[in-house]
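What follows is a single structure, written as structure tokens, with notes after it.
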Amino acid sequence: MTVLSVNVNKIAWLRNARGGDRPSVVDCARTILDAGAAGITVHPRPDARHIRADDVYALKGLLDEYPGREFNIEGNPTAPAREGYPGFDHLIEAVRPDQCTLVPDDDAQLTSDHGWNLARPKTVAQLEGLVARYKSWGARVSLFMDPVAAHIAAAKRLGADRIELYTGPYADLVAERGIDHPEASNSWRTYRDAAHYANECGLGVNAGHDLDLVNLTRFVSMGGIAEVSIGHALIADALESGLASTVKHYLEELES
């Protein structure tokens, strides 16, 4: 069965918009875990627009209270440390998360919007040592990827344990044209083929970006998806339905 890791970035973003400590990222994460989620995801960025380094440390303390639940830290491993951001390497070494997901974003991006291009030798050389380093620190390493077979094969050669399929294009088609539109169905088949190919290569498959209550069940029906990471849509739904009940609703979708 596909498990749910909830990204709590938007909770931190709301707190930062006003300052102070409300809403509490840790308290909300506790509610999420108590509602049955398998883990918590964060994506700290160098500009600290939402999750900060102190949140990462605090959430690690919370996850230690929940044996069997996982902490996933996402981010660009090549982004240098700067004031207020100790660097991705430091966070992974200090916190030793269950999983780290390497994402090729930069400071100017509003959100992650593409996977690694592993046809570029420079990128491959850059990632190879990082994957080995994070695995030596006990983390399962996942690479944020588009559904491109050649790049997925390269991820396996790099030593990654999993990939996370960037699902934004599929979610956009469903939102614009409907879940049963031929273009949405063709996109779903592209992701299905990529997920199955990754599984055949020996890679676990995660998925994330704009998955929601409309498209989630259909997406994971392809099989072979170990984990979905959902933040923005789930937090938006929680404003209407409450955080705990929304987590349970997403879990029901994954079980259906």
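Here's the yes/no breakdown for (1) within 29 Å of residue 213 (Cβ to Cβ); (2) hydrophobic (A, V, I, L, M, F, W, C); (3) surrounded by 15 or more Cβ atoms within 10 Å (Cβ to Cβ); (4) touching a strand residue (DSSP E or B) at 6+ places or on another chain (Cβ under 7 Å):
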{"position": "169", "(1), (2), (3), (4)": "yes, no, yes, no"}
{"position": "176", "(1), (2), (3), (4)": "yes, no, no, no"}
{"position": "181", "(1), (2), (3), (4)": "yes, no, no, no"}
{"position": "184", "(1), (2), (3), (4)": "yes, yes, yes, no"}
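The residue that is most open to solvent (accessible area, probe 1.4 Å), counting only those in segment 4-32 that are assigned to a helix (DSSP H, G or I) and either free of Cβ contacts under 8 Å to residues at least 12 places away in the same chain or among the hydroxyl-bearing types (Ser, Thr, Tyr) (or both), is 18. Being more than 22 Å from residue 232 (Cα to Cα) and under 16 Å from the mean Cα position of the chain (by Cα) is a description that applies to residue 139. Across segment 23-51, the qualifying residues are those that are over 14 Å from the mean Cα position of the chain (by Cα), modelled with pLDDT under 95 and not hydrophobic (A, V, I, L, M, F, W, C), and the one among them that is nearest to residue 251 (Cα to Cα) is 50.
Scan segment 116-129 and tell me whether some residue there is under 20 Å from residue 7 (Cβ atoms) and within 15 Å of the chain's Cα centre (by Cα). Scanning segment 116-129, I find at least one residue that is under 20 Å from residue 7 (Cβ atoms) and within 15 Å of the chain's Cα centre (by Cα), so the answer is yes. Filtering segment 132-190 to residues that are among the acidic types (Asp, Glu) and closer than 17 Å to residue 221 by Cα leaves 164, 180. Pairing residues of segment 57-71 that are in contact (Cβ under 8 Å) with a residue 12 or more places away in the chain and aromatic (Phe, Trp, Tyr) with residues that are open to solvent by 40 Å² or more (accessible area, probe 1.4 Å) and assigned to a loop (DSSP other than H, G, I, E, B), at Cβ distances under 6 Å and at least 6 apart in sequence or on separate chains, gives 71/98. Which is in a loop (DSSP other than H, G, I, E, B), hydroxyl-bearing (Ser, Thr, Tyr), more than 16 Å from the chain's Cα centre (by Cα) and farther than 28 Å from residue 156 by Cα, of 66, 57? Checking each option against the conditions leaves just 66. Restricting attention to segment 212-243 and to residues that are open to solvent by 40 Å² or more (accessible area, probe 1.4 Å) and of a type in the set (A, V, I, L, M), the residue that is nearest to residue 170 (Cα to Cα) turns out to be 214. The residues on offer are 55, 98, 106, and the sole one that is acidic (Asp, Glu) and out of contact with any strand residue (DSSP E or B) (no Cβ under 8 Å at 6 or more places or on another chain) is 106. Residues that are over 21 Å from residue 8 (Cβ atoms) and among the acidic types (Asp, Glu) do not occur anywhere in segment 214-231.
Could you say which residue among 134, 191, 170, 197 is modelled with pLDDT of 95 or more, part of a helix (DSSP H, G or I) and closer than 15 Å to residue 101 by Cβ? Of the residues listed, the single one that is modelled with pLDDT of 95 or more, part of a helix (DSSP H, G or I) and closer than 15 Å to residue 101 by Cβ is 134. In segment 33-51, the residue that is nearest to residue 229 (Cα to Cα) out of those that are out of contact with any Asp or Glu (no Cβ under 9 Å at 6 or more places or on another chain) and crowded, with 24+ Cβ neighbours inside 10 Å is 37. Within segment 70-88, identify whether any single residue is among the acidic types (Asp, Glu) and under 14 Å from residue 231 (Cα atoms), and answer yes or no. Yes - at least one qualifying residue is present in segment 70-88. For the criterion of being buried (at least 20 other Cβ atoms within 10 Å of the Cβ), small (Gly, Ala, Ser) and in a helix (DSSP H, G or I), residue 125 fails. Does at least one position in segment 59-76 carry a residue that is open to solvent by 60 Å² or more (accessible area, probe 1.4 Å) and among the aromatic types (Phe, Trp, Tyr)? Within segment 59-76, none of the residues are open to solvent by 60 Å² or more (accessible area, probe 1.4 Å) and among the aromatic types (Phe, Trp, Tyr).
The values are calculated or read from the model by the stated rules, or taken from the named source; none is laboratory data. As the structure is a computational prediction, the values presented were derived from the model and not from experiment. Cβ: placed from backbone, ideal geometry, glycine included. Neighbour counts: every protein chain shown. Ligands, DNA and RNA are stripped out before the accessible areas are found, and what is left, the full protein with its side chains, is counted by its heavy atoms. Shrake-Rupley method; radii C 1.70, N 1.55, O 1.52, S 1.80 Å.
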